[in-house]
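Undergrad: I have a structure I would like to understand better, so I am pasting it below and will then ask my questions one at a time.
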Amino acid sequence: MAKEASNGNHNSATKAPPTPSPLRFSKYFQSNMRILVTGGAGFIGSHLVDRLMENEKNEVIVADNYFTGSKDNLKKWIGHPRFELIRHDVTEPLLVEVDQIYHLACPASPIFYKYNPVKTIKTNVIGTLNMLGLAKRVGARILLTSTSEVYGDPLVHPQDESYWGNVNPIGVRSCYDEGKRVAETLMFDYHRQHGIEIRIARIFNTYGPRMNIDDGRVVSNFIAQAIRNEPLTVQAPGTQTRSFCYVSDMVDGLIRLMEGENTGPINIGNPGEFTMMELAETVKELINPEVEIIGVENTPDDPRQRKPDITKAKELLGWEPKIKLRDGLPLMEEDFRRRLEVPREN
Ligand SMILES: NC(=O)c1ccc[n+]([C@@H]2O[C@H](COP(=O)([O-])OP(=O)(O)OC[C@H]3O[C@@H](n4cnc5c(N)ncnc54)[C@H](O)[C@@H]3O)[C@@H](O)[C@H]2O)c1
Ligand SMILES: O=c1ccn([C@@H]2O[C@H](COP(=O)(O)OP(=O)(O)O[C@H]3OC[C@@H](O)[C@H](O)[C@H]3O)[C@@H](O)[C@H]2O)c(=O)[nH]1
């Protein structure tokens, strides 16, 4: 009774404060970094989003047009209070208030970037211009995922960042290679002219769970073929080399680059180098010893060798990859078997 009287007395100086909304105590209101990930519904982007979302102080916005990405890759975050997903094409301007931009939007598989080459150039050039314009307007730091393809068919081996590359400017891969080179140029021009904080990662071939099954890149092709018991298609001559980085190592490198003090460009990749025939033999041995390996025709301008020099990443970011190809392939196999609904026979 006495309590009721006291609660009902609006003139009382000892009135209890109203109960705060439960939202006042939610993590949402403690966030101190809003991060935009373009291309966040894609392969690397969705793994990056997972890592960024692990930090309860981050809010993450993904902008993606779903050309090669999928909402499925982000399903565990849809509806989360610190997460937003926007259907957006980066060739159009985007107005959001953010502190950091990871700019990944661009098809990465040669089959997909060659499908509509004019659109690939627009994505790289106009898309990067739009994201730099956004970074300038809101004062955000921006990281571009460039590529080892800026080295073209390299005449220097392994490739370090000082190498200017050997790119065919009018070939079928140029929409991607030259597009990324212009994107790098734009990043540095905005940095020098407008003082934008930039970071450039030159990513070497990356693989892992969530790659599209029909992505067309070599690791996903071989794993899907081995699981389906179809011949592994080694494109001629089979002696061409690549260096494969597992996606968790890649994401770790990208975050270190964003958080560090160096603009780059910095190579992020795994220096373990394999011919495509060696890769096919490794997949055969690990996944399906019965599968056939066949030679097929290649496409024009396929780089003959590729291996990153990661001295700079080691020195400036304290980063190096941890997962060897032989350990990463079975992790990807597991994901592909689940999606293809082909369990491993014991
Ligand atoms: N995976 C690799 O081996 C590799 C190597 C070098 C560089 N990269 C770069 O890393 C980034 C991500 O590559 P990935 O392997 O995750 O490729 P991905 O194709 O899986 O992802 C790209 C994402 O960008 C989206 N996208 C494409 N065009 C867009 C547009 N105009 N507007 C908005 N969204 C768009 C796609 O829908 C997709 O979700 C790309 O910039 C790629 O060039 C990747
Ligand atoms: O089924 C296949 C597919 C590909 N290959 C060969 O495997 C090698 C790698 O081809 P991929 O299509 O996986 O990728 P590429 O290295 O050519 O390009 C990639 O490089 C770095 C990124 O920027 C992009 O993800 C992509 O452009 C090529 O020599 C290709 O000829 C096969 O032997 N069989």
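The values are calculated or read from the model by the stated rules, or taken from the named source; none is laboratory data. Source: prediction; values computed, not measured. All Cβ positions, glycine included, derive from the backbone under ideal geometry; neighbour counts span all protein chains shown. Please note that ligands, DNA and RNA were not included when accessible areas were found on the heavy atoms of the full protein model with its side chains. Shrake-Rupley method; radii C 1.70, N 1.55, O 1.52, S 1.80 Å.
Undergrad: Name the residue, out of ASN229, ASN221, ASN166, that is in contact with a strand residue (DSSP E or B) (Cβ under 7 Å, 6 or more places away or on another chain) and open to solvent by 50 Å² or more (accessible area, probe 1.4 Å). Before the answer, list the steps.
TA: Working: ASN229 fails: in contact with a strand residue (DSSP E or B) (Cβ under 7 Å, 6 or more places away or on another chain); ASN221 fails: open to solvent by 50 Å² or more (accessible area, probe 1.4 Å).
That would be ASN166, the only listed residue that is in contact with a strand residue (DSSP E or B) (Cβ under 7 Å, 6 or more places away or on another chain) and open to solvent by 50 Å² or more (accessible area, probe 1.4 Å).
Undergrad: Something else: Please enumerate the residues belonging to segment 151-186 that are within 16 Å of LYS114 (Cα to Cα) and part of a helix (DSSP H, G or I). Step through it out loud before you land on a result.
TA: First, pick out the residues of segment 151-186 that are within 16 Å of LYS114 (Cα to Cα): 152, 167-180.
Those that are within 16 Å of LYS114 (Cα to Cα) and part of a helix (DSSP H, G or I): SER174, CYS175, TYR176, ASP177, GLU178, GLY179, LYS180.
Undergrad: Answer yes if at least one residue in segment 178-192 is among the aliphatic types (A, V, I, L, M), within 14 Å of ligand 2 (Cβ to nearest atom) and farther than 30 Å from ASP99 by Cα, and no otherwise. Give the derivation first.
TA: First, the residues of segment 178-192 that are among the aliphatic types (A, V, I, L, M): 182-183, 186-187.
From the residues that got through so far, the ones that are within 14 Å of ligand 2 (Cβ to nearest atom) too are 183.
Subsequent filtering for residues that are farther than 30 Å from ASP99 by Cα retains none.
No.
Undergrad: Filter segment 100-159 down to the residues that are farther than 14 Å from LYS180 by Cα, open to solvent by less than 10 Å² (accessible area, probe 1.4 Å) and touching a Pro at 6+ places or on another chain (Cβ under 8 Å) and list them by number.
TA: Once the filter is applied, which keeps residues that are farther than 14 Å from LYS180 by Cα, open to solvent by less than 10 Å² (accessible area, probe 1.4 Å) and touching a Pro at 6+ places or on another chain (Cβ under 8 Å), segment 100-159 yields LEU134, PRO154, GLN159.
Undergrad: Can you give me the ranges of the strands (runs of 3 or more DSSP E) entirely in segment 235-311 with at least 2 residues that are under 20 Å from GLY165 (Cβ atoms) and open to solvent by 10 Å² or more (accessible area, probe 1.4 Å)?
TA: Working: elements: 241-243, 266-268, 273-275, 293-296.
Counting at least 2 such residues, we get 241-243.
Undergrad: Which of (1) farther than 30 Å from VAL342 by Cα; (2) away from ligand 2 (no atom under 13 Å from the Cβ); (3) within 21 Å of the chain's Cα centre (by Cα) does ARG210 not meet, given it meets every other one?
TA: Tallying (1) farther than 30 Å from VAL342 by Cα; (2) away from ligand 2 (no atom under 13 Å from the Cβ); (3) within 21 Å of the chain's Cα centre (by Cα), ARG210 fails exactly one: (1).
Undergrad: Hey, another quick one. Of everything in segment 253-278, what is in contact with a helix residue (DSSP H, G or I) (Cβ under 8 Å, 6 or more places away or on another chain) and of a type in the set (Ser, Thr, Tyr)? Give them in sequence order.
TA: Hit for segment 253-278 is THR263, nothing else.
Undergrad: Tell me whether segment 169-180 contains one or more residues that are of a type in the set (A, V, I, L, M) and under 20 Å from GLY45 (Cα atoms).
TA: Start the filter on segment 169-180 by keeping residues that are of a type in the set (A, V, I, L, M), which leaves 170, 172.
Still in the running and under 20 Å from GLY45 (Cα atoms): none.
No, segment 169-180 contains no residue that is of a type in the set (A, V, I, L, M) and under 20 Å from GLY45 (Cα atoms).
Undergrad: Anything in segment 156-176 that is without any contact (Cβ under 8 Å) to a residue 12 or more places away in the chain and under 19 Å from ALA313 (Cα atoms)? List them, or say none.
TA: Scanning segment 156-176 gives VAL156, SER162, TRP164.
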